[in-house]
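Okay, structure first, notes after.
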Amino acid sequence: MRYISTRGTAPVLSFEEAMLTGLARDGGLYVPEEIPTISAADIKALRGLSYEEVAYRIMRPFIGDTFTDAEFTDIIARSYAGFGHDARAPLVQIGQNHYLLELFHGPTLAFKDFAMQLIGQLFEAALTRSGERVTIVGATSGDTGSAAIEAFRGLDAVDVFILFPKGRVSEVQRRQMTTPSEANVHALAVEGDFDTCQAAVKDMFNDFDFRDGVRLAGVNSINWARVLAQVVYYFTSAVSLGAPDRAISFTVPTGNFGDIFAGYIARRMGLPIEKLVVATNQNDILDRCLKTGVYKTEGVTPSISPSMDIQVSSNFERALFDAYGRDGAAVKAQMDELKETGQFTVSQGALESLRETFASGRASEEETSATITRAHKTMNEILCPHSAIGVHVAEAHLSATPMITLATAHPAKFPDAVEAAMGARPPLPSRMADLYDRSERMTEVAGGLPEIQSIIRDRIKA
Ligand SMILES: *Cc1c(COP(=O)(O)O)cnc(C)c1O
């Protein structure tokens with residue numbers, strides 16, 4: 001299995017190389033050269049299997065010869081052992097033909113654990129074999145950083161540096177990043193907002209001397225291995241509702257388009273998915289783009305669903321690449337235009353192709369809160385604000401086809417917004433009830449990129 005860039009000029013890589021590299025050197029994102037398919041009979045054979053067994057069968061074709069069968073089985077087992085639910089991704093019914101896929105039973109209570117735990121084990125296995133070390137650098141608005149730190153803490157071959165906007169993540173998120181005591185974990189509280197952090201990470205990756213000098217590796221949602229890990233729960237959930245004999249639709253609370261793009265891959269592999277519904281908050285660039293064909297940045301308005309507060313949606317480039325018939329030059333032209341003018345217009349053909357798979361909707365702040373209130377009263381379900389956006393948008397797309405809405409975080413991760421909507425504070429699961437008692441450790445950064453780079457150089461020498 002080989003991986004190519006969405007902008008067409010970066011080197012073709014193996015799975016291992018694509019996983020360790022993250023962003024391609026031409027600025028594009030890696031995608032498989034060909035998407036493997038799975039027959040209806042093989043999908044049927046997934047019925048009744050454990051999450052880990054399905055994960056193995058779905059991901060194996062993408063891994064190539066990077067790991068042996070036994071190694072990969074072991075990597076998957078270790079990735080999901082720390083989850084607080086035996087089903088890993090349990091499905092509950094919340095309404096007529098409407099189901100909720102609970103993706104928040106991992107160690108940091110958000111769906112990002114599914115991918116990050118796997119990436120941690122993949123990196124450790126590959127680097128231990130080659131005797132190398134890498135430096136993971138990531139920017140976070142909250143959930144990615146805590147998931148990355150939890151996945152890499154204590155691993156021998158990796159230092160992990162997470163940049164988060166100081167004072168702009170929830171207390172639970174901050175504590176999940178600052179309480180691990182392992183020496184390879186470095187939480188950096190950066191003066192600025194999420195875009196400041198993300199720009200610093202991008203600049204470090206574009207500084208090739210620095211990038212090669214510290215062996216930088218990225219685990220942001222553009223990393224192909226993360227997308228791949230997320231393909232699995234589309235299969236487990238659809239199969240438990242009768243796929244492949246029955247088509248299923250999904251609604252996905254969306255920010256960087258990583259999670260929903262995994263659903264697109266599942267569909268391309270042969271899972272009968274009727275529609276993938278993009279659900280956004282008031283930062284609705286994707287909803288506007290799918291409705292009008294114009295992809296136009298408008299700045300970020302902070303919301304009660306901070307993990308979806310994005311200005312541009314990085315993984316959307318992967319969907320565009322396919323919509324443009326895998327024409328890397330066309331994608332590059334659009335991305336250059338975006339950089340210069342802040343917008344581009346999707347061609348009519350590409351837009352039609354996107355709309356075959358994707359529908360979309362948005363939820364305002366009021367609609368999000370009202371959905372949390374209503375779900376508590378009438379569905380016996382406590383939703384986090386991100387999941388509430390999914391439920392709100394899904395309800396406008398219900399049909400005879402079963403709808404699965406992805407619940408992307410545990411409500412206790414966003415206690416203020418949940419309390420405001422339903423009058424009670426959602427408790428943390430008992431396995432992490434002492435989070436507020438653990439001591440914190442972080443480095444505050446006010447000096448921008450040069451200071452960040454010197455902190456990284458010093459710490460990895462130590
Ligand atoms: C990251 C995140 C999202 C958005 O996922 P994308 O893959 O970026 O689209 C939604 N909800 C929660 C809770 C998240 O952490």
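Does anything in the range 252-285 have its amide N under 17 Å from the 7 Å Cα→Cβ label point of Val294, and if so which residues? Within reach of a label on Val294, which here means backbone N under 17 Å from a point 7 Å along Cα→Cβ, the range 252-285 contributes 284-285. Counting only protein heavy atoms and a 1.4 Å probe, tell me what percentage of the range 1-144's accessible area is made up of carbon and sulfur. Taking all protein chains in place, the range 1-144 shows 49 percent carbon and sulfur surface.
Our coupling estimate for the range 134-142, obtained by passing each phi through the Karplus curve with A = 6.51, B = -1.76, C = 1.60 and θ = phi - 60°, is 10, 10, 8, 10, x, 10, 9, 9, x Hz, Gly and Pro reported as x.
Proximity of backbone amide H atoms, modeled 1.01 Å from N, is registered between Ser360 and Val278 at under 5 Å, excluding neighbours fewer than 5 places apart on the same chain.
For the range 109-152, GluC sites (Glu not before Pro) are listed when DSSP marks them as loop and at most 16 other Cβ atoms sit within 10 Å of their Cβ; the list is Glu132. One Cα centroid belongs to the range 88-141, the other to the range 1-36; the line between them spans 21 Å. Each peptide among 2-15, 27-40 gets the average number of other Cβ atoms lying within 10 Å of its residues, and from highest to lowest they stand as 2-15, 27-40. Taken about its Cα centre, the range 51-131 carries a charge dipole of roughly 180 debye when the Cβ of each Lys and Arg holds +1 and the Cβ of each Asp and Glu holds -1. Accessible area per residue for the range 210-251, computed on protein heavy atoms with a 1.4 Å probe, is 20 Å².
Rolling a 1.4 Å probe over the protein heavy atoms gives the range 41-151 an accessible area of 34 Å² per residue. Computed from label points 7 Å out along Cα-Cβ, the spacing between Gln93 and Lys461 is 6.4 nm. How would you classify the chain from its alpha-carbon gyration tensor, with a ≥ b ≥ c the square roots of the eigenvalues: rounded for a/c under 1.5, else prolate if a/b is greater than b/c, otherwise oblate? Rounded, because the longest to shortest axis ratio a/c is under 1.5.
Ranked by the mean number of other Cβ atoms within 10 Å per residue, highest first, peptides 386-394, 168-176 order as 386-394, 168-176. 3J(HN,Hα) couplings calculated from phi for the range 51-62 with the Karplus curve 6.51 cos²θ - 1.76 cosθ + 1.60 (θ = phi - 60°) are, in sequence order, 4, 5, 5, 5, 4, 4, 5, 6, 8, 3, x, 7 Hz; Gly and Pro show x. For the range 267-318, the fraction of 1.4 Å probe accessible surface lying on carbon and sulfur atoms is 51 percent. Loop-located GluC sites (Glu not before Pro) in the range 411-451 (DSSP state other than H, G, I, E, B) with a sparse environment of at most 12 neighbouring Cβ atoms within 10 Å: Glu440. Taking the range 1-39 and a reference point 7 angstrom along Cα→Cβ of Asp327, the backbone N atoms nearer than 15 Å belong to 7-8.
In a fully extended conformation the segment linking Lys377 and Asp65 would gain 107.3 nm over its present Cα-Cα distance, using 0.36 nm per residue.
In the chain, helices alone account for a calculated mean residue ellipticity at 222 nm of -13500 deg cm²/dmol, with every DSSP H run of four or more residues adding -39,500 (n - 2.57). What shape does the range 288-347 have by the C-alpha gyration tensor, where a ≥ b ≥ c are the square roots of the eigenvalues, rounded means a/c under 1.5, and otherwise prolate means a/b greater than b/c and oblate the rest? Prolate, since a/c reaches 1.5 and a/b exceeds b/c. Atom-type composition of the exposed protein surface of the range 330-456 places 51 percent of the accessible area on carbon and sulfur (1.4 angstrom probe). For Asp245 and Glu337, the FRET efficiency from 1/(1 + (r/R0)^6), where r spans their Cβ atoms and R0 equals 45 Å, is about 0.55.
Sequentially through the range 145-152, phi angles give Karplus couplings (6.51, -1.76, 1.60; θ = phi - 60°) of x, 5, 5, 5, 4, 5, 6, 9 Hz, Gly and Pro residues having no value and appearing as x.
The values are calculated or read from the model by the stated rules, or taken from the named source; none is laboratory data. Note that the coordinates shown come from a computational prediction; the quantities given were computed from them, not determined experimentally. Note that we place each Cβ from the backbone using ideal geometry, even for glycine, and neighbour counts take in every protein chain shown. These accessible areas exclude ligands, DNA and RNA; they are computed on the full protein's heavy atoms, side chains included. Shrake-Rupley method; radii C 1.70, N 1.55, O 1.52, S 1.80 Å.
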